[in-house]
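Q: A single structure is presented below for examination.
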Amino acid sequence: MEIKATGVLLAGGKNSRMGRHKAFLELDGRLFIDKSLEVLQRVFSEVLISSNEPSLFSKYDVQVIRDEIIDKGPIGGLYSSMRRANYDKLFFVACDMPFLSSELILTLYQRTSCADVVVPDFRGLHPLHAFYSQKCIPYIEKNIKEGLYKILDFYHYCTVNVVSEQALSQFGNMDRIFCNINTPEDLRRLQWLK
């Protein structure tokens, strides 16, 4: 099922702990980026990549959005992608989460009609696996101007729908779906989650 919304793969991190770009890590012979884009392109009418290094993604038929305000972390990617997207609802996901579930994403989307932000709560909120409305743009802009760069910092301006761990459990192994790979050790442990 394809939905009229935008899926954004956040691939602009500095990758300092990993030592190489996490989008191009491999699992079972497939790159993380290939696995993620396959899911996003199946679910969304529009797919974007957020990165300040578009040349890295030249082989992909996906528009790459550069940060308009640089060196502010993921919030810069949210802000710039929201301003360029063709749809009001955007799903943002980090490129280091290789086990995306299209069913879970669609369930989160169903809650966007009455919320500016739909964010899963699995041992804490996951703001880089969440839906945002373009209504958030002025709040993000305000926070950036005030030097507040944490994504959660603008939530108090918004209508936020937090999806509980209990509601998420129907989609299988949450440790697997929400795992993100930051270090070589994380990558080695990933073999246990396949």
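The values are calculated or read from the model by the stated rules, or taken from the named source; none is laboratory data. Not measured: the values here are computed from a predicted model. Reconstructed Cβ throughout: ideal geometry from the backbone, glycine too, with neighbour counts over all protein chains shown. Surface areas here come from the heavy atoms of the whole protein model, side chains and all, with no ligands, DNA or RNA. Shrake-Rupley method; radii C 1.70, N 1.55, O 1.52, S 1.80 Å.
Q: Give all pairs with beta carbons closer than 6 Å in which a residue from the stretch 109-123 that is assigned to a helix (DSSP H, G or I) meets a residue that is open to solvent by 10 Å² or more (accessible area, probe 1.4 Å); count only pairs at least 6 apart in sequence or on separate chains.
A: The qualifying pairs are T112/K89.
Results for (1) open to solvent by less than 30 Å² (accessible area, probe 1.4 Å); (2) modelled with pLDDT of 85 or more; (3) small (G, A, S); (4) not in a loop (DSSP other than H, G, I, E, B), shown as yes or no for each residue.
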{"site": "C136", "(1), (2), (3), (4)": "yes, yes, no, yes"}
{"site": "I144", "(1), (2), (3), (4)": "yes, yes, no, yes"}
{"site": "H156", "(1), (2), (3), (4)": "no, yes, no, yes"}
{"site": "V162", "(1), (2), (3), (4)": "no, yes, no, yes"}
{"site": "Q166", "(1), (2), (3), (4)": "no, yes, no, yes"}
{"site": "S169", "(1), (2), (3), (4)": "no, yes, yes, yes"}
{"site": "Q191", "(1), (2), (3), (4)": "no, no, no, yes"}
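Q: Those residues that are open to solvent by 50 Å² or more (accessible area, probe 1.4 Å), assigned to a loop (DSSP other than H, G, I, E, B) and modelled with pLDDT of 95 or more, I need them from the stretch 64-100; list them, please.
A: N86, Y87, D88
Q: Scan the stretch 48-63 residue by residue and report those that are closer than 17 Å to D96 by Cα and buried (at least 16 other Cβ atoms within 10 Å of the Cβ).
A: At the first step, the residues of the stretch 48-63 found to be closer than 17 Å to D96 by Cα are 48-53, 56-57.
Residues satisfying the conditions are L48, I49, S50, S51, N52, L56, F57.
Q: Residue check: is A23 open to solvent by less than 30 Å² (accessible area, probe 1.4 Å), at pLDDT 95 or above and either closer than 26 Å to Y132 by Cα or not in a helix (DSSP H, G or I) (or both)?
A: No: the conditions fail for A23.
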